[in-house]
1. Identify, from the list Phe192, Phe142, the residue that is among the aromatic types (Phe, Trp, Tyr) and surrounded by 14 or more Cβ atoms within 10 Å (Cβ to Cβ).
2. Please give the strands (runs of 3 or more DSSP E) falling wholly within the stretch 133-212 in which 2 or more residues are hydroxyl-bearing (Ser, Thr, Tyr) and under 21 Å from Val232 (Cβ atoms).
3. Do we have Ser158 as farther than 20 Å from Asp116 by Cβ and in contact (Cβ under 8 Å) with a residue 12 or more places away in the chain here?
4. Take the residues in the stretch 219-232 that are touching an Asp or Glu at 6+ places or on another chain (Cβ under 7 Å) and assigned to a strand (DSSP E or B), then tell me which one is least open to solvent (accessible area, probe 1.4 Å).
5. May I ask you to verify whether Thr125 is in a strand (DSSP E or B), free of Cβ contacts under 8 Å to residues at least 40 places away in the same chain, touching a strand residue (DSSP E or B) at 6+ places or on another chain (Cβ under 7 Å) and closer than 21 Å to Pro111 by Cβ?
Amino acid sequence: MGEMTSFLTGRRALLIGAVVVVLVTVVVLLSGGSQTATDGQAQDAADASGEDSVSGAADSASDESGGRADDPQSEPSPPDGSAAGDEAAETEWERGDLAAVEIEELVVNDPIALGDVGDFGTGLTVEVLGIESVDGEANERFEVAGPALQVQLQVTNSTDGSVSLARTQVDVSYGEDRTPGLALSGPDLAAFPGSLAAGERATATVVFRVPVDQRDQVQIVVSHGTDAPVIVFEGAAT
């Protein structure tokens, strides 16, 4: 009889423990669900509040700009308050204040013989002292070494003052079509000085590539700025 009582007491304790566990689980689940519902309600309230804030800000901005944002007749005004001002500004921009730049044409004198003296008409004269056939040297980019002509020239200043030679330039061409010769960096190049004193003379040496079979008609062109005509020496350089 005592064993039966102990067995029933143990079973009762187990049942009571199971009931307690079930009750605790139910309480926890109910508490979590309530919290989830509360969080969802709070999020919905926050979203609704944000939408109201955005709508209020848009309405405020529309009112400050002088009309509703959805009003198709509300358009921003020009900076000066009129379309005429924009047209005037555009016209002034198109007209501009740039002055026209005149381009001076170079005067090219008729060719003269290689042995003649070229006169620039400014008190400065130029002449060809000599032409020599050389093996042209290529020391710079785009140069091509080969048969060339070395030309030595001399300028004379017959004026009472110093004359600038900074803009004096020499070119060599050949043939009836005046094909430009290729300037080379040697041998023995010599440039004119920057200026020439009154009554003085100065020489320069240039080298241009010219084919050997194209030297029956060679042109040596000397320019001295835009205020003087271009001097052209022409003849055979054989």
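The values are calculated or read from the model by the stated rules, or taken from the named source; none is laboratory data. Just so we're clear, the structure is a prediction, and the values are computed from it rather than from any experiment. When we count neighbours, we look across all protein chains shown, and the Cβ atoms used for this are built from the backbone with ideal geometry, even at glycine. Surface accessibility is based on the protein's heavy atoms, side chains included, excluding ligands, DNA and RNA. Shrake-Rupley method; radii C 1.70, N 1.55, O 1.52, S 1.80 Å.
1. Details: Phe142 fails: surrounded by 14 or more Cβ atoms within 10 Å (Cβ to Cβ).
It is Phe192.
2. On the way: elements: 146-157, 168-174, 201-209.
Filter on the stretch 133-212 gives 168-174, 201-209.
3. On the way: farther than 20 Å from Asp116 by Cβ: no; in contact (Cβ under 8 Å) with a residue 12 or more places away in the chain: yes.
Here the answer is no, as Ser158 does not meet what is asked.
4. First, the residues of the stretch 219-232 that are touching an Asp or Glu at 6+ places or on another chain (Cβ under 7 Å): 219, 221, 226.
Adding the requirement that they be assigned to a strand (DSSP E or B) leaves 219, 221.
On the way: Gln219: 1, Val221: 37 Å².
By that ranking, first place goes to Gln219.
5. Working: in a strand (DSSP E or B): yes; free of Cβ contacts under 8 Å to residues at least 40 places away in the same chain: yes; touching a strand residue (DSSP E or B) at 6+ places or on another chain (Cβ under 7 Å): yes; closer than 21 Å to Pro111 by Cβ: yes.
Yes: the conditions hold for Thr125.
Yes/no matrix, rows are residues, columns are (1) among the hydrophobic types (A, V, I, L, M, F, W, C); (2) within 20 Å of Gly130 (Cβ to Cβ):
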| position | (1), (2) |
| --- | --- |
| Ala198 | yes, no |
| Ala204 | yes, yes |
| Phe208 | yes, yes |
| Gln214 | no, yes |
| Gln217 | no, yes |
| Val221 | yes, yes |
| Gly225 | no, no |
| Phe233 | yes, yes |
| Thr238 | no, yes |
